[in-house]
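Every read-out reported here was derived from the displayed coordinates using simple, explicitly stated rules and does not represent laboratory data. Computed from a predicted model, the values in this text were never measured in an experiment. Cβ coordinates were reconstructed from backbone atoms using ideal geometry, including for glycine residues, and neighbour counts include every protein chain displayed.
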């Protein structure tokens, strides 16, 4: 529903109002994260796409990740959600989730 503007795609039931979804994209902070040591743009409750942390392929993408590499990315523009969980934690340079996200975008682009 988040990738579909807050509305369930089959039933049409609205789970989030348009204003709630837009609030996610309201930038709350934009700068160097003191824990991760890199720039992250924060919306309300989620990370937002930025050039320094390129999660997703457009400005209508929000995301969050967990320790060890799990990640969920919501691309509202392309109506795409990708969630990744792993069964083995690796270091900070683990790119498995990013590879899955970009492969999903590539597959969607190839199908359209």
Mean-square fluctuation maximum in Gaussian network of the chain, Cα pairs under 10 Å, restricted to 80, 21, 48, hits 21
Output row, site residue 64, 7 Å Cα→C-beta label point, backbone N cut-off 20 Å, window the range 14-39, residues 15-39
The helix 96-111 Cα axis meets the longest alpha-carbon principal axis of the chain at an angle in degrees, between 0 and 90 and rounded to 10, of 40
Note to self, the chain gives a 222 nm [θ] from helices alone (DSSP H runs n ≥ 4, -39500 (n - 2.57) apiece, / all residues, nearest 500) of -6500 deg cm²/dmol
Expressed in angstrom, Rg and Dmax over the Cα atoms of the range 1-102 are 14.1, 42
